[in-house]
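Read through the structure below, which is laid out as structure tokens, and then see the notes.
The numbers here are math on the coordinates, done by the rules we state, and not lab data. Computed from a predicted structure; not experimentally measured. Here the Cβ positions follow ideal geometry from the backbone for every residue, glycine too, while neighbour counts run over all protein chains shown.
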Amino acid sequence: MDLRQLFAFNLRRLRHAKGMSQDELAFEAEMSRSYLSQLEKGKFHVSLKVLGRLADALAAAPVEFLKPPN
């Protein structure tokens, strides 16, 4: 699994664990839902700035986005 796919997997996992919709997370992270959707599909590369906003919105440590699945 490449890092972009790993990030996408963990982003979906963390969002689902918080019970948030893409719309809710996009609003909290101050981005469009379509951009968030593309991140979750592994289509776009994420910047550190966006990673930080997502981590804040999900109350997660940034490292959580790069943890390999068990």
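A few points about this structure:
- All positions within the range 29-57 that are at positive phi and either among the small types (Gly, Ala, Ser) or within 10 Å of the chain's Cα centre (by Cα) (or both): Gly42
- Output for the range 19-43, where each listed residue is assigned to a loop (DSSP other than H, G, I, E, B), free of Cβ contacts under 8 Å to residues at least 24 places away in the same chain and either crowded, with 17+ Cβ neighbours inside 10 Å or among the hydrophobic types (A, V, I, L, M, F, W, C) (or both): Met31
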